[in-house]
């Protein structure tokens, strides 16, 4: 009888132990983006972010660059870019670097957009992140917390991260789809990376490559076909249940691909959560 009680007690202890250990680990989903990563021969590595933003975005970009540079494997260095209207509108990717832009891209339904060009199926060769001032100039989205959330997230995509959650709840990371608007406009939740983001980057970049795409002079001709025109993004490959997130992929003639993450406005998502918002009224 005592041996049976001892066995039951042991099982109870083990169950409690694994509940404590396992559940916190699973509270965050892995959020690497199809194993996309910058090829490099050593860690930590430094990525140049070409700054083509205006002064209204300067503090948010500086904060995001500083936050992401807390990663153990990656540092970000800002490089002054062309701030002219035409340059920011096009926001053409630059080989081996990330380009960050803001512009009044129009009432097209998206708040933020991140694109990466990929070779060999997984290696990022260049990237861009765009913030749409058409919406950020409105009272709904023009607050510091929503600006920082979107800036931080779009840059995160260019490193090879996707979302920790897409249901609108806060994981207290900028890589979730919590909305810092309305009643949450003063909330600083979900405006910055968290430890899970840093751990995910460490996992993505744990291995080293035999070559590098960082700062490399690789032809951007194919990637330049990706523009602000939604039809240039290629085919829809995934969309979140709440309609706030869509991913597109376009294959190029040279064998490379461009993947694009789109952060839709709340209004666009509410009109038709299961629709490809490119083909619906998103004014």
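From the list 156, 109, 96, 120, the one residue that fits, being touching a helix residue (DSSP H, G or I) at 6+ places or on another chain (Cβ under 9 Å) and on the phi > 0 side of the Ramachandran plot, is 109.
Being touching a residue at least 24 places away in the same chain (Cβ under 8 Å), assigned to a helix (DSSP H, G or I) and under 16 Å from the mean Cα position of the chain (by Cα) holds for only one residue in 76, 65, and it is 65. The residues of the range 162-188 that are more than 26 Å from residue 44 (Cα to Cα), in contact (Cβ under 8 Å) with a residue 40 or more places away in the chain and assigned to a loop (DSSP other than H, G, I, E, B), listed by number, are 165, 166, 167, 168, 171, 177, 179, 181, 185, 186, 187, 188. Across the range 133-148, the number of residues qualifying as farther than 18 Å from residue 67 by Cβ and part of a helix (DSSP H, G or I) comes to 4.
Filtered by the rule that a residue be more than 17 Å from residue 200 (Cα to Cα) and either surrounded by fewer than 17 Cβ atoms within 10 Å (Cβ to Cβ) or outside the structural domain of residue 126 (by TED's automatic domain parsing) (or both), the range 64-88 gives 66, 77, 78, 79, 80, 82, 83, 84, 85, 86, 87.
With respect to the conditions (1) exposed (fewer than 14 other Cβ atoms within 10 Å of the Cβ); (2) farther than 22 Å from residue 148 by Cβ; (3) modelled with pLDDT of 95 or more, residue 59 falls short on a single one, namely (2).
Does residue 151 meet the test of being part of a loop (DSSP other than H, G, I, E, B), under 30 Å from residue 216 (Cα atoms) and within 13 Å of the chain's Cα centre (by Cα)? It is false that residue 151 is part of a loop (DSSP other than H, G, I, E, B), under 30 Å from residue 216 (Cα atoms) and within 13 Å of the chain's Cα centre (by Cα). Which is surrounded by 12 or more Cβ atoms within 10 Å (Cβ to Cβ) and modelled with pLDDT under 95, of 255, 220? Checking each option against the conditions leaves just 220. Every listed requirement among (1) surrounded by 20 or more Cβ atoms within 10 Å (Cβ to Cβ); (2) closer than 19 Å to residue 72 by Cβ; (3) at pLDDT 95 or above is met by residue 153 save one, (2). Condition first: on the phi > 0 side of the Ramachandran plot and assigned by TED's automatic domain parsing to the domain that holds residue 166. Can you find one or more residues in the range 35-58 that meet it? Yes, the conditions are met somewhere in the range 35-58.
The values are calculated or read from the model by the stated rules, or taken from the named source; none is laboratory data. This structure is a prediction, so every number in the text was calculated from the model and none was measured. Cβ coordinates were reconstructed from backbone atoms using ideal geometry, including for glycine residues, and neighbour counts include every protein chain displayed.
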